[in-house]
Amino acid sequence: MPVGIFRVCLVVITAIVNHPLLFPKENGTVPENAEEIIQKMKEREESLRLEQLRLEQEIADQEATQKALEKAAEVVEESKEEKVRWDMWTALSMVIFLLIELWRQDFQEGNWQDTGGEEDDMAVLGKAFKGVVFPDKAVLASFYEKRILGTTGDMARMREMVEGFADDLLEALRSVCNRDADMEVEDCMGVGSMYENWRVRKPFVCDLIVPFAPPEPYCFRSQTWCSGDCFPPDEQGYGTIKVCRADEDVTGCICDKTKLGEDMLCLLHSKANTTRPSSEMEDLLCFKNTQYLDADQVMKWFQIAVTKAWNRISHKYEFDLSFSLLDSPGALKIKFRSGKSIAFNLTPVVQYENSDVYFISHFPRRGLAADLPSSTHWFLTFAVYERRFIQLVSKTLPANACHVSCLQILSFLHGKQCSLTGPSGLTNYHLKTVMLHLLQARPSQDWAPEKLEARLQDLLKFLEKCLHEKKLYHFFIGNGKVPAELGFPIIFQRAEPLNLFRPFVLRRDIYRKTVDTFHEMLRNMSALINEYTVHIP
């Protein structure tokens, strides 16, 4: 801008100096052709005037540009301030939302066991129960007596026969195994619905678990998802089993990390007591090039050992033994000459430390549960504690309490509905978990036999609530109210609750099918019960 003003002043001064009237005629010689000179001066004056106008226009344009730039800078500054204010409010709103969500989750997890202490709480649950007619007490009592008790009377006789044969088979298995190289097999234990007296669907199948241990001088050292090790969310409920020497330190001896002199000897690891090479670790049923126990290798070894044991004692029995299911390596079937058969599952397990929690190599009839992350990951089963808890609580309940009856009726209805509409994501284990939660939450007198109808409604409403929220927590994991008489490991009581319905969050198709099957079961409940109930006048 100063340069433009200087240029205007220079033009004005030049015009004044060159004006013809500035000098008198006597001081200079005026050309003879005055008119021509005057015309040139006018043209010169006109050109200077145009130049002045151009310069003034440039100055005006520069001023306008400067004002526009200043205004744009002000707008940018205001937008920055507005953005900063907006970002601050957005961040504040997000923090408030997260705090509310965390509080809601903590509140739900902190009260996950408060599942029905009052009748009014259960009455408001579940829109699916509108219009559903529940059978009355007389119909339920007749249905249970004729349909449930009438078909489960021979369960005790079947359990006794299967346990006796399994003991004989395992004794033969020990005799065919190499005591110095093969796994050591212990006595079997019965778990599941057959041994908790609530199985109703045929064919009746006994579930037996067989603990085993490595040969000397080896031992198992286990790691679980709640023992401080890093396990991803999809591996909660699993653990790994490492095969180590009994005299080997968990953190490793210093002789493996430091080069000892020729005249120095490690008292723990001499040349005669070195770790076995990889090929011998595979002989111990470990995954290739690792020290971790492989579930697939264990099942192959167990099948071969059972086959050898049966060949040794088959001459004593008048029936045949075979593996019944390809996808269940421990599923066995006894076939009599008359055509009848008895099925049972014999599954190897590894004991967790000195407790009755076991790592199980394979779950028969897994249902909704996902496949194992790898063959070195073992699922933990609490079946022994579940059976003990039911036995412990049953001692405090009234005579002929209805808790087992409720579970049997619910299992029967769900099984019949699945036979009509196809399988769903619900399993009998989920139904038993619901019963365990309510068994702990409700007082003993609420399980009197005359309250069968009310307790069955409670089970159905609580299950509907869990399906709606996609949350059904494992009964033992994270449950601080487990009775001390059970001797349950404290590490699992202090762990985060394990959601058994987590697969529903990941698989919406299975969730939709499960909810539809449940609602259909509610609508068909009266018809299914009346179909299997004798006429009551």
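The values are calculated or read from the model by the stated rules, or taken from the named source; none is laboratory data. Just so it is clear, the model here is predicted, and its values are computed rather than measured. With ideal geometry, Cβ positions are generated from the backbone for all residues, glycine too; neighbour counts draw on all protein chains shown. Areas reflect the complete protein model, heavy atoms only, side chains present, ligands, DNA and RNA absent. Shrake-Rupley method; radii C 1.70, N 1.55, O 1.52, S 1.80 Å.
Some notes on this structure:
- Listed pairs 146/451; 395/461; 242/333; 432/513; 137/481; 202/451 exceeding 22 Å between Cα atoms: 395/461; 242/333; 137/481; 202/451
- With R₀ fixed at 45 Å, the C-beta to C-beta distance from residue 138 to residue 290 puts the FRET efficiency at about 0.15.
- Using 0.36 nm per residue and subtracting the Cα-Cα separation, the extra length available between residue 247 and residue 419 on full extension is 56.5 nm.
- Once you reduce the stretch 467-537 and the stretch 159-182 to the center of their Cα atoms, the two points are 36 Å from each other.
- Solvent-accessible ranking of 502, 442, 508, largest area first, probe 1.4 Å: 508, 502, 442
- Sequence ranges 172-183, 207-218, ranked by mean other-Cβ count within 10 angstrom, highest first: 207-218, 172-183
- Contact order for the stretch 374-504, expressed relative to its length and based on alpha carbon pairs under 8 Å spaced 6+ residues apart, stands at 27 percent.
- Sorting 293-299, 383-389 by average packing, meaning the other beta carbons within 10 Å per residue, from highest down gives 293-299, 383-389.
- Rounded to 0.05, the FRET efficiency of the residue 509 and residue 235 pair, given R0 = 25 Å and the Cβ-Cβ distance, is 0.60.
- The string of couplings for the stretch 239-245 from the Karplus curve (6.51, -1.76, 1.60, θ = phi - 60°) is x, 10, 10, 9, 8, 10, 6 Hz, one whole number per residue in order, with x for Gly and Pro.
- Å² of accessible area per residue within the stretch 346-471, as computed with a 1.4 Å probe and no ligands counted: 35 Å²
- Cβ-Cβ FRET estimate between residue 394 and residue 89, R0 fixed at 60 Å, reported to 0.05: 0.55
- Table column - 3J(HN,Hα) (Hz), the stretch 197-209, Karplus curve with 6.51, -1.76, 1.60, x for Gly and Pro: 6, 10, 6, 10, 8, 8, x, 5, 10, 8, 9, 10, 10
- The stretch 308-353 - percent relative contact order, Cα under 8 Å, separation 6 or more: 25 percent
- Expressed as a whole percent, the accessible surface of the stretch 399-530 that belongs to carbon and sulfur atoms is 53, based on a 1.4 Å probe.
- Peptides 395-408, 309-322 ordered by average Cβ neighbours within 10 Å, highest first: 395-408, 309-322
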